[in-house]
Amino acid sequence: MSGADARRRLTPGAVVPGVVLLALAMGLGVHEANRKVVPTVATTIHGTVGQELAVGGTRVEVLGASTAPVVRVEGTFSDEVTEPTTTGEWLVLRVRFAGEREPSAVRRYVWRDTEGVEYQTSQWFDYGYPFAQPDEWWHEDVVFEVPPAALESGTLLLLPEGQNWALPMEVGAIRVDDVEVVDVIDAVDATVGEAP
């Protein structure tokens, strides 16, 4: 057999599938290089009272914490003031928040005491989760019903939600060491503007 006879002829039927496979491989490589890396674990951002945190696209700050035997709240659709009752103690945290780069809100608050026990917000108070624009500050009182032992100190967990909330998820953990004892708290719903 001569050298010319040993060469194979490339026919269109053999070339086209090879070119298609090469194009697919290159396209997938470009797609993979441009794909955002999405971790499957939440990142926790720690802070303290008075410290502004950027968590999940929301800027958040706890302004203070207080407890009282009486918490008063104004009705959503009326000026009627009610004083709900609790079998535990009232814990009220004044929080302010604003969007960071897009409208966002704090979707959920959780109080974690020093023993690691977690408490949801009180059912007596309605949280509408308004979306704050970037640099548009809102403030609200976040109210919990907790046993007396959970009042001394703990951590407020923040689960924010922006318009495109997806992984990677960030969770805020704001340490609260000083809870002020007062007689009455007039709880504030989410309101635009700086806190009084």
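Out of Val55, Val92, report the one residue that is farther than 15 Å from Gly154 by Cα and among the β-branched types (Val, Ile, Thr).
On the way: Val92 fails: farther than 15 Å from Gly154 by Cα.
After applying the criteria, what remains is Val55.
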Practice problem: Just one of (1) farther than 17 Å from Glu140 by Cα; (2) modelled with pLDDT of 95 or more trips up Glu89, so point out which. | Solution: (2)
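Is region 39-52 home to any residue that is more than 22 Å from Arg175 (Cα to Cα) and modelled with pLDDT under 90?
Applying the first criterion (more than 22 Å from Arg175 (Cα to Cα)) to region 39-52 yields 39-40.
Imposing the further condition that a residue be modelled with pLDDT under 90 reduces the set to 39-40.
For region 39-52, residues more than 22 Å from Arg175 (Cα to Cα) and modelled with pLDDT under 90: present.
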Quiz item: What pairs can you find where one residue is in region 167-196 and closer than 19 Å to Arg107 by Cβ and at pLDDT below 90, the other is of a type in the set (Ser, Thr, Tyr) and assigned to a strand (DSSP E or B), and their Cβ atoms are less than 6 Å apart, with a gap of 6+ or different chains?
Solution: Glu170/Thr43; Val171/Thr44
Quiz item: If you scan region 56-81, which residues turn out to be at pLDDT 80 or above, part of a loop (DSSP other than H, G, I, E, B) and among the acidic types (Asp, Glu)?
Solution: Glu80
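Name the residue, out of Glu118, Glu83, that is more than 23 Å from Asp178 (Cα to Cα) and charged (D, E, K, R).
Numbers: Glu118 fails: more than 23 Å from Asp178 (Cα to Cα).
Among Glu118, Glu83, only Glu83 is more than 23 Å from Asp178 (Cα to Cα) and charged (D, E, K, R).
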Practice problem: May I ask you to list the residues in region 141-166 that are of a type in the set (S, T, N, Q) and at pLDDT 90 or above? | Solution: Ser153, Thr155
Practice problem: Only residues that are under 22 Å from Ala132 (Cβ atoms), of a type outside the set (Val, Ile, Thr) and touching a residue at least 24 places away in the same chain (Cβ under 8 Å): list them for region 47-69, please. | Solution: Gly47, Gln51, Leu53, Ala54, Gly56, Gly57, Arg59, Glu61, Leu63, Gly64, Ala65
Quiz item: Can you name every residue in region 87-107 that is in a loop (DSSP other than H, G, I, E, B), buried (at least 16 other Cβ atoms within 10 Å of the Cβ) and touching a helix residue (DSSP H, G or I) at 6+ places or on another chain (Cβ under 8 Å)?
Solution: none
Quiz prompt | Residue ID - nearest to Ala68 (Cα to Cα), chosen from residues in region 108-136 that are in contact with a Phe, Trp or Tyr (Cβ under 7 Å, 6 or more places away or on another chain) and part of a loop (DSSP other than H, G, I, E, B) | solution = Ser122
Quiz prompt | region 108-149 - residue that is under 20 Å from Val188 (Cβ atoms) and of a type in the set (S, T, N, Q) and, of those, surrounded by the most Cβ atoms within 10 Å (Cβ to Cβ) | solution = Ser122
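The values are calculated or read from the model by the stated rules, or taken from the named source; none is laboratory data. Since the structure is predicted, the reported quantities are computational estimates derived from the model, not experimental observations. Neighbour counts are summed over all protein chains in view; Cβ atoms, including those assigned to glycine, are modelled from backbone coordinates with ideal geometry.
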